[in-house]
Amino acid sequence: MELLKIKNINTYYGQVHALKNVSLHLNDGEIVTLIGANGAGKTTILNTLSAITPPRSGEILYNGNSITNLAPDRVVGLGISQVPEGRQVFKPLTVEENLELGAYLLYRKKEGRGGIKTALEEVYSLFPRLKERRKQMAGTLSGGEQQMLAIGRALMAKPRILLLDEPSMGLAPLVVLEIFSVIENLRRDKGTTILLVEQNAKAALKMADRGYVLETGRVILEGMASDLLFNKDIQRAYLGKEKKEIWER
């Protein structure tokens, strides 16, 4: 079932035309990855879906209903949460305080404190290290732990769709494997639909069902991840010599 659809979206930063008639879709329960060089528009797509950078034209449909002009909190309330690039945790707050901020919408619903407690336990089951450090200041965590916290904070809103922006950036290989394992578990065990932007293109395509290739704000290619993974044009054009080793691991 088609859960989310973007139709001919045009997004700008001032006078800069960042997304140009972009169309794509997410089926319920699948992982889709976005591939492209820096500046291709990958993060802008996530920010447009989150209503952080609203489009000037085009339409965004969620469950068949338009959400194009909704405010960011309304988008989160519908079940779309974003994990931003660079983690962006609240460093002066504890781990648990950061997580509770992700559940602010639950305070306004019938779940109240009971729903927040349940959401916390679900996050702690995914990331036991966060439970061990729940009273620790977020700024004192390692990079990998901060990434776990950023993902956990997004999950506190109980999203149906999770938007992930460069979750492996700057992390040690073993931590990356742990993060990727959690992503796969979210899809398998909870049926979470995931839109993934990831610098390690090979890992992303191995995990994903489908992918879209972007170039200067346009979708130039789409297909099954297994087909894109071995597409020599993609390897040459979007990885470059300096990232060749990613494909060889």
Could you work out how far helix 112-126 tilts from the main Cα principal axis of the chain, as a 0 to 90 degree angle to the nearest 10?
60
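Can you tell me the equivalent ellipsoid semi-axes for the chain? Use √(5λ) from the Cα gyration tensor, largest first, whole Å. Working shown, then result.
Working: eigenvalues 161, 102, 52 Å².
Equivalent ellipsoid of the chain: 28, 23, 16 Å, largest first.
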Under 10 Å, Cβ to Cβ, from Asn8 - net charge with Lys/Arg +1 and Asp/Glu -1:
+1
Rounded to the nearest 0.05, FRET efficiency between His25 and Arg236 (Cβ-Cβ, R0 35 Å) equals 0.80
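Using the Kirkwood formula on the Cα atoms of the stretch 1-108, what hydrodynamic radius do you get, in angstrom to one decimal?
15.2
With Cβ to Cβ distances under 9 Å as the rule, what net charge do the other residues near Met156 carry (K, R +1; D, E -1)?
Details: positive: Arg153, Lys158; negative: Glu100, Glu122.
Combined, the nearby Lys, Arg, Asp and Glu give 0.
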Based on the Kirkwood radius over alpha-carbon pairs, what value in µm²/s does the Stokes-Einstein equation return for the translational diffusion coefficient of the stretch 119-212 at 25 °C and 0.890 mPa s?
179
Modelled FRET efficiency - R0 25 Å, Phe90 with Asn38, Cβ distances, 0.05 increments
0.40
Which pairs, out of Lys7/Lys206; Lys7/Lys202; Lys7/Lys232; Lys135/Lys158; Lys7/Lys158; Lys5/Lys117, put more than 31 Å between their alpha-carbon atoms?
Lys5/Lys117
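Relative contact order, percent, of the stretch 89-158 when contacts are C-alpha pairs under 8 Å separated by at least 6 residues?
Values: 82 pairs, mean separation 37.9, N = 70.
Relative contact order of the stretch 89-158: 54 percent.
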Can you give the net charge of the other residues whose Cβ lies under 14 Å from the Cβ of Pro54, counting K and R as +1 and D and E as -1?
0
Under 16 Å between alpha carbons, and skipping anything fewer than 8 positions from Lys42 in its own chain: which aspartates and glutamates qualify?
Glu85, Asp165, Glu166, Glu198, Glu215, Glu222
The stretch 17-29 - phi-based ³J(HN,Hα) in whole Hz, Karplus 6.51/-1.76/1.60, Gly and Pro as x:
8, 7, 10, 10, 6, 7, 10, 7, 8, 10, 8, 4, x
Using alpha-carbon positions, what is the distance between the centroids of the stretch 120-156 and the stretch 210-227, in Å?
32
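Mean residue ellipticity at 222 nm from the helices of the chain, using -39,500 (n - 2.57) per DSSP H segment of n ≥ 4 over the full residue count, to the nearest 500 deg cm²/dmol?
Details: 12 runs with 102 residues, N = 249.
Rounded to the nearest 500, the figure is -11500 deg cm²/dmol.
Which number comes out as Rg/Rh for the stretch 101-172 once both Rg and the Kirkwood Rh are worked out on C-alpha atoms? Kindly include the intermediate steps, with their values, before the conclusion.
On the way: Rg = 12.7 Å, Rh = 12.9 Å.
So for the stretch 101-172, dividing Rg by the Kirkwood Rh gives 0.98.
No value in this document is a laboratory result; all are computed from the given coordinates. The structure displayed is predicted, hence computed values, not measured ones. Cβ sites come from the backbone with ideal geometry, for glycine too, and all protein chains shown count toward neighbours.
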